[in-house]
Amino acid sequence: MSTTLFDKIWNKHIVEQIDAKQIILYIDKHFIHEVTSPQAFDGLRQRNVKVFNTSRTVGTADHNVPTKNQHLPIQDPLSKKQVNQLSENCKEFGVELFDLHHPNQGIVHVIGPELGMTRPGMTIVCGDSHTSTHGAFGSIAFGIGTSEVEQVLASQCVLQVKPKQMRIKINGQLQRGVSAKDLILYVIAKLGVGGATGHFVEYAGEAIESLSMEGRMTVCNMSIEMGARGGLIAPDQTTFNYLKDKVQPEGIRFDESLTQWKKLTTDESAIFDIEYEFDAADIAPMVTYGTNPGMGIKINEAIPSTSESSNASVDKSLNYMGFNKGKILEGMPIDYVFIGSCTNARIEDLREVAQYIKGKQKAENVEVFVVPGSQLVAKQAKKEGLDKILASAGFELRQAGCSACLGMNEDKIPAGKYCVSTSNRNFEGRQGPGARTILASPLTAAAAAIAGKIVDVRKELN
Amino acid sequence: MSGFTNIQTTAVPLPMEDIDTDQIIPARFLKSTSKLGFGENLFRDWRYNAAHEKIDGFILNNETYKGEILVAGRNFGCGSSREHAAWAIGDYGFKVVISSFFADIFKNNALNNGILPITVDQEVLHRIFTAIEENPKTTFDVSLTHQTLTVEGGKIHITFDIDPFKKECLINGMDTIDYLISKRAVIEKFQQQHIVY
Ligand code: SF4
């Protein structure tokens, strides 16, 4: 029988079928962070059980960490407590941890791939919805809740019902100035925030194949924003090249792995529950105008006057953003630019931004901060001299963490201010109470920082 | 976790669509390391203004609407995987959430915390909102055993779907973690012959 890439991985990880739907799924890699794990460790203590397989879980502190003066103690007592709790839990249960002072620390979805812990054919979970990022390597990766974190700690498995499957093909090539972020914002705008609920999405087509690993991670990262359980992309030469110099699991040679990885493709005649096809040439730089990631438009389009959502929801959203139907965002002044998050804080994103702003200056009305996804990204940026380019353009380079992606740590956008952000969510209050988020690609964000307003980066590149 | 029993109660309507977990419980309230007390901050920024005063128009601040059921618009619980959203809803006192569509992770999190998510047709949801609007004291009977939802003695009567395993867990207050722990020997055996490349 023809099978999909998803089926191939899924079937290899079924420990037991419980009933017609539920299965016990074995997990190859489990990432944990400070926010969604404390209650799970508490549960283990109450049950008096150990972590089932400590070698398959790794932790890092990211959501609560400050991005300035990381050598000093964390100021906020609650954040400090949560970060410390993670350290204590990992120590007590024997779980490897990259804490704030470790050279491998960073946003959980940035460090997995760069450390070679994310590989094709694996099942990967984390108590974090953007775990879908790891699907870029051809793995089944999805976010779980804290009860499920406890399931994995206690048994290395989760109870699962097989999701439906969707394929999204992007044919042709992206225009210059249009990136992976625009691609995924475009797809989400087409499908809507609930458009892929209940499904796992395989991305395919020329435009996807042409993306770097970083670009693929950006695409898979935002799968959850259209409700998908996860997204994945078949591994190919780009994937193998990325993994070549990464650490291999003990006792397995790279060529052995390679032989296995090459089998991870969707059969020609495999059937999906639903398929979509889009033309890459139709994708333009995207911006969001509302309070969910599905409310996206091409840079030169007006905010639509009709919508599938109820009027009350749209009105509430536009009211929060201070926008009216029919408004065009291009040319609109902004207050902040945030370049960071697990969507766009990898070295490639920083390179792209640096290349664009080299020799330019940020606009006076804008505050710009760039937050690398990990200590390794920060180190590499320094090595390549990107830190100097950012500094001379007036961009503030901070230390690794989730930062202003979510209003949980010190980095927040003030109420009423407009922030062009490379992160993944523009929900009400996501970047701080009252903050108004406009999601965009790193290139669009960099261009906005320089111009002090929203611009079509394609025009700037000419 | 205690078992889910059949309930008879009134409901609180929240007819917004795409309510995300950042609204249910904003990130700045996720710093607790226990599961308790999140109900206080349920829909925090819709309930209170920056000066911590109650916002008049919001439904949870309206004495007229009470009950153990929350009825919400399409795509409830989208966004983050934070189980804190389910804890907040449970801690506030809701035992059932009705919507025409739930985000996957939220649905799982709710079930894992003894909260029953009931999915109904868009049209039924509309009728439920209308019924509450006409009479805030409208009663709802939820029978998990029979998988039925009955509004005001039969005005609306539907059956709903639930995974049989999850239903059994809910009714018996059975914990999925204990279940998996009981399977450790089988998992051990699987693990021995499983290679991760
Ligand atoms: S960067 Fe943002 S989306 Fe990514 S893990 Fe951190 S908080 Fe979540």
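Quick look at the numbers
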quantity	calculated
Verdict on A:VAL65 being closer than 13 Å to A:PHE93 by Cα and either in contact (Cβ under 8 Å) with a residue 12 or more places away in the chain or in contact with a Pro (Cβ under 6 Å, 6 or more places away or on another chain) (or both)	no
Lone qualifier among A:ALA381, A:ALA363, A:ALA354, A:ALA391 - being more than 16 Å from the ligand (Cβ to nearest atom), more than 14 Å from chain B (Cβ to nearest Cβ), without any contact (Cβ under 8 Å) to a residue 12 or more places away in the chain and not charged (D, E, K, R)	A:ALA391
Count - residues of the stretch A:409-453 that are of a type in the set (A, V, I, L, M) and either touching a Phe, Trp or Tyr at 6+ places or on another chain (Cβ under 9 Å) or in the same structural domain as A:GLY192 (by TED's automatic domain parsing) (or both)	10
Every residue from the stretch A:182-207 that is among the hydroxyl-bearing types (Ser, Thr, Tyr), surrounded by fewer than 24 Cβ atoms within 10 Å (Cβ to Cβ) and either more than 18 Å from the chain's Cα centre (by Cα) or not in a helix (DSSP H, G or I) (or both)	A:THR197
Selection from the stretch A:126-152 of residues that are in contact with a helix residue (DSSP H, G or I) (Cβ under 6 Å, 6 or more places away or on another chain), of a type in the set (A, V, I, L, M) and within 27 Å of B:GLU188 (Cβ to Cβ)	A:ILE140, A:ALA141, A:VAL149
Failed condition for A:MET408, given (1) surrounded by 24 or more Cβ atoms within 10 Å (Cβ to Cβ); (2) within 14 Å of chain B (Cβ to nearest Cβ); (3) away from the ligand (no atom under 12 Å from the Cβ)	(3)
Test: residue in the stretch A:414-421 that is of a type in the set (A, V, I, L, M), surrounded by fewer than 24 Cβ atoms within 10 Å (Cβ to Cβ) and more than 14 Å from chain B (Cβ to nearest Cβ)	no
Spans of strands (runs of 3 or more DSSP E) in the stretch A:107-181 with at least 3 residues within 14 Å of chain B (Cβ to nearest Cβ) and touching a Ser or Thr at 6+ places or on another chain (Cβ under 8 Å)	A:123-126, A:140-143
Lone unmet requirement of (1) under 21 Å from the mean Cα position of the chain (by Cα); (2) part of a helix (DSSP H, G or I) for A:GLY59	(2)
Among the residues listed as A:LEU100, A:LEU86, the single one being away from every other protein chain (no Cβ under 14 Å) and either buried (at least 18 other Cβ atoms within 10 Å of the Cβ) or over 23 Å from B:VAL186 (Cα atoms) (or both)	A:LEU100
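The values are calculated or read from the model by the stated rules, or taken from the named source; none is laboratory data. Because the structure is predicted, anything quoted here is derived from the model rather than measured. Backbone-built Cβ (ideal geometry, glycine too); neighbour counts: all protein chains shown.
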